[in-house]
Amino acid sequence: MDGMSQIAPEGAAKTDDILTLNNIEVVFNDVILVLRGMSMSVGRGKITALLGANGAGKSTTLKAIAGLLETEDGAITRGEVLYNGADVTYVPADKKVRNGVFLVMEGRGVIQDMTVVDNLRLGAFSRPGANTTKEIEEIYEFFPRLRERTGLAGYLSGGEQQMLAIGRAMMARPKLILMDEPSMGLSPLLVKEVFGIIKRLNKELGISILLVEQNANMALQAADYGYIMENGKIVLDGPAEELANNEDVKEFYLGGGERRSFKSVKSFKRRKRWL
Amino acid sequence: MDLNWNLLLQLLLNGVIVGMLYGVVAMCFVLIYKSTQVVNFAQGEFVVLGAWVCWSMIAWMELHFIPAFLFALVFMTLYGVIVQVVVLRPLVGEPIISVIMATIGLSIFMQALMNWVFGNNAESFPDIFGGWKIEIGGLQVEAGYLLSFVLSIVVMLAFFWFFKYSRWGLAMRATAFNQQVAASLGISTRQVFAMAWAISALVSAIAGIVLGLVNGVSTGLAFIGIKVFPAVIVGGLDSIVGAILGGVIIGVLENGAEFVDGQILKVGNMYKVAPFYVLILILMIKPYGLFGTKDIERV
């Protein structure tokens, strides 16, 4: 652990990280290098945001953590994933879920041809013998809207599907939730609601959260700490407020700044990004 | 023309009963296709092997029918798991054509093995019913057919319960929907695959033993694998309800064709080909089968 802490990013509490990635390298189909030395950590009981443009490798990072690369013919070729200090780099996905790491997939991953209740019951798959009937009631307290939805999950609206996906994650009683673009395809009002729920999960249930987002603004508002990723590695990190006020971050991700004329657009393109 | 209408009714009733058995085997086929995306061309051999194992326990080990039946079920369940682990697990992620070739190879291998172990002759099960029959509205139903009907219903109800309420049934449906999503929920897709083959082999064995009780058992019985194919295609490759209905449709058609042939056309053996004509007709109108979803991977 001590040797590793040197490469742990500055500012992250070294001893109290629930998850640490050290120099992860991920290759797809044996040739395509997607993550090139990715290092980051997630504080226990904290919300950590991972931001970046399309194709930066954010989703791949989450799948690498959850152990889901196998289904896409990808593999971790170097580096290590530490969960609670233990090396879990090559632990299969089902065991990770049992250990409390749960990925809420992009596009929500709700099973469309099953009812809401069955989706929720499946969330508790990793805990045989769980009293699902009682626990589903608790989920309904969190998401009253789901209680009235008795039909198939495929007929739910986008926001409801996202809530179902989060509710399903809660059924697994995770300690760390990896959330892949929860705001995707949702209206601004719903985005706010979903982020409110994420904060509640964190505050009320004490679940650590690693949040991957395109909506950098919302993500940095909710998060305690943030990482910015480009071309398969971290290029910048810091406390969320600091990042939100960083000029470069503002320009590239938050849509702020003064560049409006065509000329400045060109300079925007010429400008070297963090590499 | 003086047609024997009573015969027609009798044939149709047989058609429904046999068709339900086809439906059961078709369900096994769909189960494997849905949860593992494998087209199992050895399904018919699974049916026959189940029957042979039960028969050999009775004939060679002199067991009673019930223990022999249970032994065959246990044996076939294990056999299904072994086939999945040895033959199909290494092929996960390989092109669909390789997987199909593997199951065709498995079918040939099993046929040869059964010919070697059990011989080429047809054998009959000891008569456990004593020629007992019942009459329903003037129609005779042999005990074997009645057992077939009851077991088909039991298997269908069991499937329904399993996929609707059991933890592993839901897990299998999740895997059929999307393997990555299932894995993200903590479901081991390897276990699901093995389980799909185990259940399929187990239920095939039930169908095989019932068929053996009625018609005797011979390795040629594997033709049911071919008959089930139209049933599966008619119903749609990925629909369990469709499989049952497809089975009944094929069973009724077969017997209907036998009636038309025997009473009117007198061509002979028409019942063997009639289902395939209907198969072609249905596929011309509904290429994905009656209940199939349109985004299925076509083979």
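What follows draws every value from the coordinates through simple rules; no lab data is involved. Since the model is a prediction, treat every value here as computed from it, not as a measurement. We place every Cβ from the backbone using ideal geometry, glycine too, and count neighbours over all the protein chains shown.
Some observations on this one:
- Cβ-derived FRET efficiency at R0 41 Å, A:Lys192 paired with B:Phe160, nearest 0.05: 0.45
- Residue order, fewest to most beta carbons within 10 Å, for B:Ser204, A:Ser41, B:Ser56, B:Ser239: B:Ser56, B:Ser239, A:Ser41, B:Ser204
- Listing A:Thr133, B:Thr36 from fewest to most neighbouring C-beta atoms within 10 Å gives A:Thr133, B:Thr36.
- B:Leu265/B:Ile96 FRET efficiency (R0 30 Å; Cβ-Cβ; nearest 0.05): 0.15
- For the residue pairs A:Lys63/A:Lys175; A:Lys95/A:Lys199; A:Lys58/B:Lys34, the alpha carbons lie more than 20 Å apart in A:Lys95/A:Lys199; A:Lys58/B:Lys34.
- Kirkwood-type radius of the stretch B:154-273, with distances r between different C-alpha atoms, in Å: 16.7 Å
- The stretch A:43-180 pair-distance distribution - Cα-Cα, 10 Å bins, rounded %: 11, 39, 34, 14, 1
- Full extension of the segment from A:Glu241 to A:Thr150, taken as 0.36 nm per residue of separation minus the current Cα-Cα distance, would add 28.6 nm.
- The distance between label points at A:Tyr140 and B:Gln140 comes to 5.7 nm (points 7 Å beyond Cα on the Cα→Cβ vector).
- Diffusion coefficient of the stretch A:145-246 by Stokes-Einstein, Kirkwood radius over Cα pairs, 20 °C, 1.002 mPa s: 145 µm²/s.
- Relative to its residue count, the protein assembly as shown spans a Cα convex hull of 200 Å³ per residue.
- Gain on full stretching of the segment that runs from B:Lys272 to B:Ile153 - 0.36 nm per residue minus C-alpha separation: 40.3 nm
- When Rg and the Kirkwood Rh are both derived from Cα coordinates, the Rg/Rh ratio for chain B amounts to 0.97.
- FRET efficiency, 1/(1 + (r/R0)^6) with R0 45 Å, evaluated for B:Met284 and A:Lys199 via beta carbons: 0.20
- Shown here is the pair-distance distribution of chain A: with all Cα-Cα distances grouped in 5 Å bins from zero up to the longest one, the shares run 1, 6, 12, 16, 18, 16, 13, 9, 5, 2, 1, 0, 0 percent.
- Across chain B, the mean sequence separation of Cα contacts (distance under 8 Å, 6 or more residues apart), normalised by length, yields a relative contact order of 36 percent.
- Chymotrypsin sites (Phe, Trp or Tyr not before Pro), loop per DSSP, at most 16 other Cβ atoms within 10 Å - longest free stretch of chain A: A:91-273
- Across peptide A:69-77, the average count of Cβ atoms from other chains found within 10 Å of a residue's Cβ is 2.
- With neighbour counts taken as other beta-carbon atoms within 10 Å, the residues B:Val228, A:Val81, B:Val117 rank, fewest first, as B:Val117, A:Val81, B:Val228.
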